[in-house]
Amino acid sequence: MSSSVLDFAALGLSAQIVRALTARGYTSPTPIQAQAIPVVLSGRDLLAAAQTGTGKTAGFTLPILQKLSDKVVKRSPAGKIAIRALILTPTRELAAQVEESVQMYGRHLPLTSMVIFGGVNINPQINRLRGGVEILVATPGRLLDHVQQGRLDLSQVEILVLDEADRMLDMGFIRDIRRILSLLPKSRQNLLFSATFSDEIKSFANTLLNQPVMVQVASQNATSDLVTQRVLPVDRDRKRDLLTHLIKTHNWYQVLVFTRTKHGADRLVKQLHQDDIVAMAIHGNKSQAARTRALGKFKDGSLQVLVATDIAARGLDISELPHVVNYELPNVPEDYVHRIGRTGRAGSSGEALSLVCVDERKFLADIEKLIKRSLPQEIIAGFEPDPRAKPEPIQVGRQQKHQPRRDYNPSRSSSSSSKPSAKPQTSQSRKTIAKPTIK
Ligand code: AMP
């Protein structure tokens, strides 16, 4: 047995779990795993500050698998296998990914798990639930759809996880979460993971957690040191040419490009096509099939550029992505941290470039304030910005905060939530995507 395998075993994980980790190629726990796993195993509540890319998912799934497999199968009053761990995530994408991790790490254990999210037919989910599951990963809306229809018994839940809790609050899920909490037993273990720690998250954590242990792997809103960040000042109408220039001169093969709006994403894709660059967009107005197709092509390397809005990219697990380009800076500074978290993940380095025009100086200042550092700027020869250019206001749309997004409408047919909402979607509205994981 190698010493690295002992690392995971020394944290208190069983041989079956360690075997699955070894097969996956994990040689040692990441810092969040080393800190979180013993806390969860001890039964304490946990407040964890960890971004996507830190290995946080295994930080809670591994000890949950360990704890549940230590005890005998529990049954609900109706005689079914009871739901013992409930993991809530803000997006379908993340839910699917987390459940994949549960399956992967738990492959040698006799535990059952499933994922439920909206935007897909509810019937297969109903059928699976009938059989009983021990670990349920869900987005709040579809979970409540099932509750409403009397198909979910949450009375035996022992462990609750809120993953990306900051996002859930941003997306207006607070009321749904409170409803879900009211359905859980009072005595349970609570784990809250959040990339950022706003006052709102802190006060929410205070109401939810019982004397939590706090673990933190990066300072608040810090960006990874593995990501090289640069600002490329450029005129607003030269951004497209600069992007094409960068892609072509460096021969980039896998580039994730962010725009603020869905319309901007579509327009950029068309322009890149004119420049003979293979690009596709993913955003909330794209059909499920189109999103799945784009993600699949990006994964297999046949799609050079994936253009995404913040919402669509949320939760994408794209490992070792070499380049992220902010074609437009986000107006919500936390989104910058999330965007560049797509690169330089789990030990591999990456590059995040931001094409910034005069209109976006305020956004840049907000980002630099949040990450507590100023970003190096580099002017690319041939793309020098006009020093006399005057800023023009940018329409950023309404803030989505505290407005329930949503697809929770028990009277509505389940498949309708994949269609574009009747309400106008803004750059801030949070749409989700259902097809999981690029690796
Ligand atoms: P997460 O932050 O949970 O989204 O994980 C980020 C990435 O790190 C995922 O692709 C995981 O598969 C990977 N990962 C998680 N734990 C480890 C580990 N101990 N060693 C290597 N990679 C890991």
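The values are calculated or read from the model by the stated rules, or taken from the named source; none is laboratory data. None of the values given here were measured: they were computed from a predicted structure. Positions of Cβ are generated from backbone atoms using ideal geometry, with glycine treated the same way; all protein chains shown enter the neighbour counts.
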Exercise. Do any residues in segment 171-199 that are farther than 12 Å from Leu144 by Cα have Cβ atoms under 7 Å from those of residues that are surrounded by 19 or more Cβ atoms within 10 Å (Cβ to Cβ) and among the basic types (Lys, Arg), where the two are at least six apart or on different chains, and which pairs are they?
Worked result: Met171/Arg405; Met171/Arg430; Gly172/Arg405; Phe193/Lys56
Seminar exercise, completed: The number of residues in segment 139-166 that are under 20 Å from Gly79 (Cβ atoms), modelled with pLDDT under 95 and of a type in the set (Asp, Glu) is 1
For this session: From (1) modelled with pLDDT under 95; (2) within 25 Å of Glu93 (Cβ to Cβ), pick out the condition that doesn't hold for Lys202.
Result: (2)
Exercise. Looking at Gly132, is it in the same structural domain as Leu21 (by TED's automatic domain parsing) and on the phi > 0 side of the Ramachandran plot?
Worked result: yes
For this session: Out of the residues in segment 222-235 that are at pLDDT 95 or above and not aliphatic (A, V, I, L, M), state the one that is farthest from Val324 (Cα to Cα).
Result: Asp235
Problem set entry | Members of segment 65-91 that are among the polar types (S, T, N, Q) and buried (at least 24 other Cβ atoms within 10 Å of the Cβ) | Thr89, Thr91
For this session: Could you list, in sequence order, all residues of segment 183-202 that are surrounded by 15 or more Cβ atoms within 10 Å (Cβ to Cβ) and acidic (Asp, Glu)?
Result: Glu200
Problem set entry | Unmet criterion (only one of (1) within 21 Å of the chain's Cα centre (by Cα); (2) surrounded by fewer than 19 Cβ atoms within 10 Å (Cβ to Cβ)) for Asp176 | (2)
Exercise. Taking interchain pairs and intrachain pairs at least six residues apart, which have beta carbon atoms under 6 angstrom, with the first residue in segment 104-130 and farther than 30 Å from Ser287 by Cα and the second in a loop (DSSP other than H, G, I, E, B) and among the charged types (D, E, K, R)?
Worked result: Leu111/Glu134; Thr112/Glu134
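Residue-by-condition table, conditions (1) closer than 26 Å to Gly59 by Cα; (2) in the same structural domain as Thr91 (by TED's automatic domain parsing); (3) of a type in the set (A, V, I, L, M, F, W, C):
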| position | (1), (2), (3) |
| --- | --- |
| Arg128 | no, yes, no |
| Ala138 | yes, yes, yes |
| Gly141 | yes, yes, no |
| Gln149 | no, yes, no |
| Glu158 | yes, yes, no |
